[in-house]
Amino acid sequence: MASLDDLKKRITSVKSTQKITKAMKMVAAAKLKRAQDSAEKGRPYSEKMNNVILNLSNGISDKETAPKLLSGTGKDQIHLCVVMTSDRGLCGGFNSNIIKKAKIYFGEILKEGKELKIITVGSKGYDQLKRYYGNKIIESISFKNSKNANYFDAEKVGKMIIEKFEKEEFDICTIFYNQFKNVITQIPQAQRIIPLNTESADDNELEDNYEFEPDEDEILNNLLPKNISTQIFKAMLENSASEQGARMSAMDNATRNAGEMVDKLTIQYNRSRQAAITKELIEIISGAESL
Amino acid sequence: MSEEFKVEIVNPEASFLSKEDVTEVIVPAFEGEMGILKDHISIISFLKPGILTIHSNSEEHKFYVEDGIFEFKNNTLSVLTSSIFDLKKIEKSRLMNLIKVAEEEASKQEIDDQSRFLIDQKIEVLKSLN
């Protein structure tokens, strides 16, 4: 059995770990509030953007001449996957869930004999993917220095993707991120951004008597690259809210586990202290008796 | 009947401005400035760098916008832009910085005609503000 001293040391160490996890939980809770706020504030922009694009793409008369960002290259040979993860760990299954989802998708693509290219956003995703898919990763970006998700960063990623698309380096682009549902549930998402998915439009009420200036094609050409950045920005916002949520619940669990452990160790400590006292008493009594 | 309509300006990070009592908005559309009054036909167009002016009954509000799109529908004007500054609040140093960046961009050789046009516009507008 561990000595009293050892037990005492373990109790203190677990207690100080608990202090850390508790602090992290509180920090995550505060950050979550902010991340949620900005995710909510960012929603109107991407919604409006989506609406306009849907209206536009419905107004386009000739699908053949539609911009490639909308209609695709007509092939699906090369897939580009943008895997968006966090830069920091200690957030439960947050990163692993995205990676798991992405890996299933990668497997399908490779099984069909198609080419796969990966861009990782966030260093944790790169760390987890480099072992199996190291030669497929063409770019890895991390925004460790930015405190919050901001549009400027998203635009950088968006521009890079468009540049690669124009050089015909890929046909289909999918982004992977966690959608924030609530603090304990984050749903990993795979969203295709090139070519754009316009099918979800059907149940929306559409007006087709818009006036366009200049014509639809030109507006679309101007708008679609912006939409890519917007979608990425949306994913970044969802991701940062999810990350804080996941961290909060992970740290909450850790704090609780540490509490349980402290309780258990304290009982053990008291028992062995009691046992030591009893032992000493027995020794004294039996010593006195033998006189 | 009132002649007022609604304006919403959103940027990616937040809703920038929402106003209900607007009588006229002058937007720097790509093909020229455009004044929008109530009951304008539904229209979608995009912006070039310029000054966006919002007239309401009581006041006149000016913004500098760099790019974006706008949509007018059912007497609501939605402006989506990633770069917008309130002219009352913008600082001189910020303005100078914007001009510097734009001029650097313009001095590059490899840009195409459309972006050159946009950058020239931008420099012109920024200088006129200064």
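The values are calculated or read from the model by the stated rules, or taken from the named source; none is laboratory data. Keep in mind the model is a prediction, meaning the values are calculated, not measured. Virtual Cβ from ideal backbone geometry, glycine too; neighbours counted across all protein chains shown.
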Quiz prompt | Out of A:Ile53, A:Ile98, A:Ile11, sole residue that is part of a helix (DSSP H, G or I) and farther than 24 Å from A:Lys156 by Cα | solution = A:Ile11
Quiz item: Given the conditions (1) part of a helix (DSSP H, G or I); (2) aromatic (Phe, Trp, Tyr); (3) at pLDDT 80 or above, and given that B:Phe117 satisfies all but one, which numbered condition is not satisfied?
Solution: (3)
Quiz item: Which of the residues belonging to region A:73-94 are buried (at least 23 other Cβ atoms within 10 Å of the Cβ) and over 22 Å from A:Ser229 (Cβ atoms)?
Solution: A:Cys91, A:Phe94
Exercise. Test A:Ile193 against the criterion of being hydrophobic (A, V, I, L, M, F, W, C), in contact with a helix residue (DSSP H, G or I) (Cβ under 8 Å, 6 or more places away or on another chain), under 30 Å from A:Ser16 (Cβ atoms) and not in a helix (DSSP H, G or I), and give yes or no.
Key: no
Quiz item: Within region B:1-35, can you find the residues that are within 14 Å of another protein chain (Cβ to nearest Cβ), assigned to a strand (DSSP E or B) and of a type in the set (D, E, K, R)?
Solution: B:Lys6, B:Glu8, B:Glu33
Practice problem: Hand me the list of strands (runs of 3 or more DSSP E) wholly inside region B:67-114 holding 1 or more residues that are in contact with a helix residue (DSSP H, G or I) (Cβ under 7 Å, 6 or more places away or on another chain), within 13 Å of another protein chain (Cβ to nearest Cβ) and loosely packed, with under 14 Cβ neighbours inside 10 Å. | Solution: none
Exercise. Can you tell me which residue within region B:99-130, out of those that are without any contact (Cβ under 8 Å) to a residue 12 or more places away in the chain and charged (D, E, K, R), is farthest from B:Phe85 (Cα to Cα)?
Key: B:Glu110
Practice problem: Give region A:1-60 a look and list any residue that's basic (Lys, Arg) and touching a strand residue (DSSP E or B) at 6+ places or on another chain (Cβ under 8 Å), or say none. | Solution: A:Lys41, A:Lys48
Quiz item: If B:Ile43 passes every condition in (1) more than 9 Å from chain A (Cβ to nearest Cβ); (2) out of contact with any Pro (no Cβ under 9 Å at 6 or more places or on another chain); (3) of a type in the set (Val, Ile, Thr) but one, which one does it miss?
Solution: (1)
Quiz prompt | Qualifying positions in region B:46-66 - within 14 Å of chain A (Cβ to nearest Cβ) and of a type in the set (Asp, Glu) | solution = B:Glu66
Exercise. Go through region A:86-103 residue by residue and tally those that are under 14 Å from A:Ala246 (Cβ atoms), in contact with a Leu (Cβ under 9 Å, 6 or more places away or on another chain) and not aliphatic (A, V, I, L, M).
Key: 0
